[in-house]
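Worksheet: the structure to be examined is printed underneath.
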Amino acid sequence: MPYGNMGKVAEVDLSTGRIEELELSPEVYRDYVGGTGLAARLIYERGDLEAGPLSPSNMLVLAAGPLTGVGFSGSSRMSAAARSPLTEIWGQATCGGNFGPELKRCGYDALLIKGRASEPVYLILEGESVRLAPAGDLWGKDTYHTTDLLKERHGKQYRVLAVGPAAENGVLFGSIVNDYGHHFGRTGMGTVMASKNLKAIVARGNREIPVKDPAKLEELKQKYDALLEKNGMARALRAFGTACNMEGMMALGDVPTRNWAKGLWEEGAERLSGVSLDDHYIVGHRSCRGCAVRCKPVIRVEEERYRVEEGPGPEYETLGAFGTLLMNDNLAAVCKINELCNRLGMDTITCGATIAWAMDCYEAGLMSPSDWDGVELRFGDIEPVIDLIPKIARREGKLGELLSMGSRKASAVVGEESRRFLTDTKGLEAPMHDPRAYWGDGLAYAISVRGACHVSNLTYLAEWGIVRYPEIKMDRHYHGMSTEHKADMVAKATDLGCLFNSMVWCQFAGTTFTLPLLRDVFNAAADYGWDIEEMVKAGGRIWYLQRALCHIWGVDASDDVLGPRIMTPTSDGNIAGIIPDMETMLREFYELRGLRTDGKPTREVLREYGLEYLADRLGV
């Protein structure tokens with residue numbers, strides 16, 4: 001059995017009900033690590049790459065990593081990956097909470113799910129057994145109710161993944177929810193799961209996770225905990241949640257506002273900040289399993305229109321997507337929308353960004369209430385949005401159906417003129433950090449394999465000055481509005497991001513790591529025998545493989561771009577009149593990465609990373 005891993009995965013064919021255990025070689029674990037890296041390898045080897053995103057043949061992989069469940073703060077995450085229904089290319093999402101360690105305690109590093117059940121089912125992992133059970137009574141129920149029912153049925157200690165009505169109804173950005181407040185949010189992984197008639201997965205295990213050197217790992221954990229306790233970012237997150245620096249980042253121009261058309265909205269940022277959330281609605285804090293950061297706010301809202309019973313509160317991305325992006329400073333309304341999206345199972349970033357795009361279309365006269373169910377969407381008016389969220393989840397009416405597609409596909413319906421308001425890359429709407437303030441983020445969004453994304457890499461942490469890695473010469477002061485050293489930094493930050501999403505580790509807690517400490521943790525847990533160069537190279541190998549899958553699904557160099565609205569300068573704030581120099585950064589990045597003018601890697605680069613098996617498939 002390989003250390004750090006359980007040594008096997010379960011392949012579930014929902015069409016036949018057959019469940020098969022597969023053993024993986026130590027080389028596969030070492031080369032592709034786990035999480036999104038292992039998922040990419042398994043999808044390439046065992047998936048049907050010709051299958052459409054909602055085809056029964058599209059394989060969904062849920063994977064933990066070699067450090068999942070080893071007891072460190074930040075080590076409870078896992079990943080979901082498949083061809084995305086939203087973007088139709090590589091889709092991935094990661095999630096904290098409790099399910100990742102439980103999956104490994106059931107004896108598996110990953111679940112490979114293919115086919116489609118004839119009726120709704122859920123999957124039960126219990127001890128060392130895996131079986132399917134009918135889920136007809138759960139279909140249509142929201143994620144909270146589904147989780148409650150399954151915990152009543154199996155026991156409160158069972159961990160639950162569930163999809164909600166949005167995914168069941170084919171909303172292209174449906175999420176998978178773990179125990180109420182933890183989400184595989186982006187790229188529609190919940191919609192893939194629901195398309196297979198798989199409502200939920202429950203797990204309860206009793207296996208120990210084997211590690212190479214328990215004493216050394218405990219020594220490293222104590223060192224890590226001491227560093228974490230002094231980590232300024234971790235302390236801020238513990239106090240105020242992920243919106244702890246909303247006001248400061250607004251002043252710098254990092255918080256997108258009014259569908260990215262404004263560069264400053266100080267009063268909105270103040271009312272939507274983590275401090276304001278704490279002052280008015282936070283009643284406690286929760287954590288993912290075993291994490292000392294405790295960045296998950298627990299809220300309660302008493303106002304009748306926006307009433308929310310005690311439960312998970314909004315993260316920074318949701319406060320941006322339904323707050324600043326819509327020019328809405330009603331914090332209670334954002335809390336209510338967050339609860340609705342949680343229960344219905346929808347990605348708040350794509351949902352909010354798509355509504356913001358629609359508001360611009362209404363304002364420009366490209367959409368009118370008479371054509372769209374009598375509904376008018378206007379910046380600053382949040383009341384119609386609250387009523388609209390369930391309609392999007394049900395794909396109800398013309399407007400609900402339109403917005404359920406995400407902004408890029410909706411723009412094809414509204415017309416070419418509406419494309420100027422888009423903020424996506426490769427069909428995935430940008431998260432709530434503005435590349436006009438930090439140009440490295442612009443490059444990172446453009447070359448991210450899943451579309452615009454800041455957590456597929458560590459670029460934002462490097463540009464903010466939070467992480468420094470002198471061992472790989474990634475330790476400069478990176479001026480935000482400059483191309484200098486950005487291509488080199490983004491290449492290294494992308495390798496590290498792929499590593500984090502494959503091991504699978506929280507980036508918030510992960511800011512504590514030095515590279516020597518991370519290497520030592522890997523080797524003490526998983527016995528990979530890595531030096532720092534080999535460890536970072538594993539992240540690069542994963543990026544090239546995932547990018548190759550995107551090329552197989554039709555991506556080329558023309559897709560490495562930012563949305564038109566992001567490349568339009570604002571007239572106010574710290575970013576007034578500024579757009580990132582994408583041409584320079586992309587040219588330098590392509591040269592560093594060994595990419596051809598069509599965006600594909602050369603055969604020589606593939607050989608260097610042990611990926612020559614991709615060359616003929618890519619035609620390079």
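Every number here is computed from the coordinates shown, using simple stated rules; none is lab data. The structure displayed is predicted, hence computed values, not measured ones. Here the Cβ is made from the backbone with ideal geometry for all residues, glycine too, and neighbour counts use every protein chain on show.
Per-residue HN-Hα couplings for the range 191-200, Karplus 6.51 cos²θ - 1.76 cosθ + 1.60 at θ = phi - 60°, whole Hz, x for Gly and Pro?
Working through the residues one at a time gives 5, 4, 4, 5, 5, 8, 6, 9, 7, 7 Hz.
How many angstrom lie between the Cα centre of the range 541-580 and the Cα centre of the range 489-526?
The two parts, judged by their Cα centres, are 24 Å apart.
Sequence-distant or interchain residues sharing an amide H contact under 5 Å with L428, placed H: which?
Placed amide hydrogens put A452 under 5 Å from L428.
Stretch I466-A412 to full length: gain in nm at 0.36 nm per residue minus the Cα-Cα span?
15.5 nm
Run the Debye formula on the Cα coordinates of the chain, all scatterers equal and no solvent, and tell me log10 I(q)/I(0) at q = 0.07, 0.10 1/Å.
Listed by q, the Debye log ratios stand at -0.38, -0.82.
Would you work out the charge dipole size for the range 218-425 about its Cα centre, treating the Cβ of every Lys and Arg as +1 and the Cβ of every Asp and Glu as -1, and quote it to the nearest 20 debye?
It works out to roughly 660 debye.
Please name which of G442, N328, F99 has its Cα lying farthest along the dipole of the chain towards the positive end, using unit charges on Cβ (Lys, Arg +1; Asp, Glu -1) and the Cα centre as origin.
My answer, from the dipole projection, is F99.
Can you give the net charge of the other residues whose Cβ lies under 9 Å from the Cβ of A615, counting K and R as +1 and D and E as -1?
Summing Lys/Arg as +1 and Asp/Glu as -1 gives +1.
Would you mind working out the magnitude of the charge dipole of the range 358-418 relative to its Cα centre, with +1 at each Lys and Arg C-beta and -1 at each Asp and Glu C-beta, to the nearest 20 Debye?
For this selection, approximately 340 debye.
Taking neighbour counts of Cβ atoms within 10 Å as a proxy for exposure, in what order, fewest first, do C106, C335 appear?
So the residues, fewest neighbours to most, are C106, C335.
Counting other Cβ atoms within 10 Å, keep those with at most 16, restrict to DSSP loop, and tell me which GluC sites (Glu not before Pro) in the range 105-192 are left.
E128
Given a Förster radius of 30 Å and the C-beta distance between Q222 and E27 as r, what FRET efficiency does 1/(1 + (r/R0)^6) yield to the nearest 0.05?
My answer for the efficiency is 0.40.
If you average the C-alpha positions of the range 328-383 and of the range 386-452 separately, how far apart do those two centres end up, in angstrom?
Their Cα centres are 12 Å away from one another.
Below 11 angstrom from the Cβ of D148, what's the summed charge of the other residues (Lys, Arg +1; Asp, Glu -1)?
+1
Just to confirm my numbers, what's the Cα centroid distance between the range 195-261 and the range 302-326 in Å?
After rounding, the separation between the Cα centres reads 20 Å.
Find out how many positive minus negative residues lie around T568, taking Lys and Arg as positive, Asp and Glu as negative, among other residues whose Cβ is under 10 Å from that of T568.
+3
Label 7 Å along Cα→Cβ of R131; the range 195-231 residues with amide nitrogen under 20 Å?
198-207
I'd like the FRET efficiency for R603 and E383, computed as 1/(1 + (r/R0)^6) with the beta carbon distance as r and R0 of 56 Å, rounded to 0.05.
Once the sixth-power term is evaluated, E becomes 0.45.
³J(HN,Hα) across the range 268-285 via Karplus (A = 6.51, B = -1.76, C = 1.60, θ = phi - 60°), whole Hz, x for Gly/Pro?
x, 4, 5, 6, 9, 6, x, 5, 5, 4, 5, 5, 10, 10, 6, 10, x, 9
For the pairs K141/K391; K296/K336; K391/K426; K141/K199; K262/K398; K114/K196, note any where the Cα-Cα span goes beyond 18 Å.
Pairs exceeding 18 Å: K391/K426; K262/K398.
Going by C-beta contacts inside 10 Å, put I201, I578 in order with the fewest on the left.
I578, I201
Quote the FRET efficiency, to the nearest 0.05, computed for K398 versus R116 with a Förster distance R0 of 22 Å and r equal to the Cβ-Cβ distance.
Given R0 = 22 Å and the Cβ-Cβ separation, E is 0.15.
Relative to the compact-globule scaling 2.2 N^0.38 Å, provide the ratio for the alpha-carbon radius of gyration of the range 8-204.
0.91
Starting from the Cα of E591, move 7 Å in the Cα-to-Cβ direction to define the label point; list residues of the range 435-455 whose amide nitrogen is under 19 Å from there.
Counting only backbone N, you get 440, 443-444, 447.
For each of F513, F421, count neighbouring Cβ atoms within 10 Å of the residue's Cβ, then give the residues from fewest to most.
The most exposed by this proxy come first: F513, F421.
I176's amide H: which non-local residues (gap 5+, or another chain) put their own amide H closer than 5 Å, with H modeled 1.01 Å from N in plane and none for Pro or chain starts?
For I176, whose amide H was placed from the backbone, the distant partners under 5 Å are F184, G190.
What list of ³J(HN,Hα) couplings, whole Hz, do you get for the range 405-422 from phi and the Karplus terms 6.51, -1.76, 1.60, once you set θ to phi - 60° and write x for glycine and proline?
So the J values, rounded to whole Hz, are 7, x, 5, 5, 5, 5, 5, 5, 7, 6, x, 4, 4, 6, 5, 5, 9, 6.
Do any GluC sites (Glu not before Pro) in the range 1-98 lie in a DSSP loop with no more than 15 other beta carbon atoms within 10 Å, and if so, which?
Here the GluC sites (Glu not before Pro) that fit, given the DSSP loop and packing criteria, are E50.
Looking at the square roots a ≥ b ≥ c of the eigenvalues of the Cα gyration tensor of the range 473-620, which shape do they give, rounded for a/c under 1.5, prolate if a/b is larger than b/c, or oblate?
Oblate, because a/c is 1.5 or more while a/b does not exceed b/c.
Give the long-range amide H neighbours of K262: residues separated by 5 or more places, or on another chain, with amide H under 5 Å away, using H modelled in the peptide plane at 1.01 Å from N.
HN-HN under 5 Å from K262: T257.
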